Amino acid sequence: MGGAVLAIDFGTTSSAATLTDGVRRVQLREPGSGGWTWPSAVFFDGRKPVVGTAAVSRRRLRPGGFRDELKRHLGQGTPLYLAERPLRTVDLVTLILQAIREEAERVHGARVARAVITVPASYGPDDLRARDMLEAARNAGLPAAELVAEPVAAALAPVAGEPLPPGATVLVYDFGGGTFDAALVRLGAGDGAPHTVLGAAALDDCGGRDLDAAVIAHLRAAGGATLAGVLDAAEDADDDARLSAARDTMEFAEFARQLKHRVSAETAADDYFRAAGLVLRLDQQRLRLLAQPLLERTTDCCRRLLDDVRPGPVAAVVLVGGSSRLPGVTDHLARTLALPVRQAEDVEVAVSQGAGVWATGGAVLTATAQAPRPERQPLSWTLPAGPATVVEWLVGPGQRYTAGQVLGRVRAADGSLIDLAAAGAGRVQVQHAHQGDAVLTGDWIVTVDTTG
């Protein structure tokens, strides 16, 4: 796969990645589990951090050394504590992105430098969360990374059944582990025409983990004083008792999530929670009741988006995100939005698959140098409004280049990448802007010798 691009859906609870070169796409497996997703989690015991399944498997050893839901802390600037050490969220995200990059390079057999990372539709061009994500990507060895909104990527993912008609408008309903995103997207009319985002909305505190919290609260109430006595350490408890309670609480949260997953496919499920000696039960009717407030928030968000944009006929609601498989979601959407409902072929990895399509569909813009002059010539480029940032130079001083060759790459204010191509052949003399520098349209960025 020459010129491979790594497409990453970095999620609140789990992440997925697709490696693509425009001809074929390879969905990457997480080495620790063999599954299609990486738990977005880090474990640090004060010595060496581990991520993904390896982190999850160690969390009961030292609960204070485990952290997930990192995405919810991006842009906040406050440290997260693992093993009583303050660590930046950016650095923890970097560890996960680095693990994904290393697996991509193992599969590819060569370096992978370019990446597309999906982010919620609520991230704006100057959003601190977007800045943190790009910094994490750069630190993880992915300097040529760009961002794309999750629902936009989802609109490009394959859907179950008949393909959506070109030119149709769809409402992407992305119900993930930590956030909900909605977007109205007009599909390209064919012949490589791009998708058009008509509008987007998001809920940063509405996802599968919020339903997990409701399920945990319900089961804790069902367990009564017996369960509370196991999970709640007394005020005068010693360190060992507090550590035991923390481990049991962590185990109980996983117990509740497993019941929730079982009930998504079964009418009811029960299991034995050994730490408290209790059999606890969850049925599908109760799960629907617990999920109802979250579903109502998502459809209210969709209705506001439809009212604000007024897009005309909408062909379908397209479901992506692991939480969209909950029982009752399809019926609720069809009833409240009165639109046909379609599912992505694989709701959990649809966003990374769509990002892979986006990455190889001409998403990177190419800017061509302005009017060449003989011999030593200053080059400038026409760039989007606002300052762009130099990402990397691909042709160094003293090196020759051919007509149309990309000399370097900058990132626009909206996070997209722009290749800086030369109009004719020559040799680079001097680079006047370096990695991290801001440049504008018309700036003298590089001097070249067109005599070669």
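Residues that are more than 19 Å from VAL341 (Cβ to Cβ) and basic (Lys, Arg) within region 262-303 comprise ARG262, ARG274, ARG281, ARG286, listed in sequence order. Every listed requirement among (1) assigned to a loop (DSSP other than H, G, I, E, B); (2) hydrophobic (A, V, I, L, M, F, W, C); (3) at pLDDT 90 or above is met by VAL410 save one, (1). Looking only at region 385-396, count how many residues are out of contact with any Gly (no Cβ under 8 Å at 6 or more places or on another chain) and either at pLDDT 90 or above or surrounded by 15 or more Cβ atoms within 10 Å (Cβ to Cβ) (or both). Number of matching residues: 3.
LEU305: closer than 28 Å to TRP38 by Cβ, assigned to a helix (DSSP H, G or I) and assigned by TED's automatic domain parsing to the domain that holds VAL172, yes or no? Spell out how you get there, then give the answer.
On the way: closer than 28 Å to TRP38 by Cβ: no; assigned to a helix (DSSP H, G or I): yes; assigned by TED's automatic domain parsing to the domain that holds VAL172: yes.
No, not satisfied.
For region 50-91, taking the residues that are over 27 Å from LEU128 (Cβ atoms) and free of Cβ contacts under 8 Å to residues at least 60 places away in the same chain, the one that is surrounded by the fewest Cβ atoms within 10 Å (Cβ to Cβ) is identified as LEU61.
Screening GLU162 against (1) part of a strand (DSSP E or B); (2) surrounded by fewer than 20 Cβ atoms within 10 Å (Cβ to Cβ); (3) among the acidic types (Asp, Glu) leaves a single unmet condition, (1).
Looking at region 108-147, which of its residues are among the small types (Gly, Ala, Ser), at pLDDT below 90 and either part of a loop (DSSP other than H, G, I, E, B) or in contact with a His (Cβ under 7 Å, 6 or more places away or on another chain) (or both)? Within region 108-147, ALA113, ALA121, SER122, GLY124 qualify.
With respect to (1) surrounded by 16 or more Cβ atoms within 10 Å (Cβ to Cβ); (2) within 18 Å of THR13 (Cβ to Cβ), the lone exception for ALA245 is condition (2).
Summed over region 321-336, residues that are buried (at least 18 other Cβ atoms within 10 Å of the Cβ) and at pLDDT 90 or above total 3. Residues in region 192-225 that are in a strand (DSSP E or B) and touching a residue at least 24 places away in the same chain (Cβ under 8 Å): VAL197, LEU198, GLY199, ALA200, ALA201, ALA202, LEU203. Between a residue in region 227-241 that is more than 26 Å from ARG281 (Cβ to Cβ) and any residue that is assigned to a loop (DSSP other than H, G, I, E, B), which pairs come within a Cβ distance under 8 Å, given they are 6 or more apart or on different chains? Pairs that qualify, where the first residue is more than 26 Å from ARG281 (Cβ to Cβ) and the partner is assigned to a loop (DSSP other than H, G, I, E, B), are ALA241/ALA233; ALA241/ALA234.
Taking ALA213 as the residue in question, decide whether it is closer than 30 Å to VAL347 by Cβ, loosely packed, with under 15 Cβ neighbours inside 10 Å, touching a strand residue (DSSP E or B) at 6+ places or on another chain (Cβ under 9 Å) and modelled with pLDDT of 90 or more.
Values: closer than 30 Å to VAL347 by Cβ: yes; loosely packed, with under 15 Cβ neighbours inside 10 Å: yes; touching a strand residue (DSSP E or B) at 6+ places or on another chain (Cβ under 9 Å): no; modelled with pLDDT of 90 or more: yes.
In short, no.
The values are calculated or read from the model by the stated rules, or taken from the named source; none is laboratory data. Only a predicted model underlies this, so the values are computations on that prediction, with no experimental measurement involved. Positions of Cβ are generated from backbone atoms using ideal geometry, with glycine treated the same way; all protein chains shown enter the neighbour counts.
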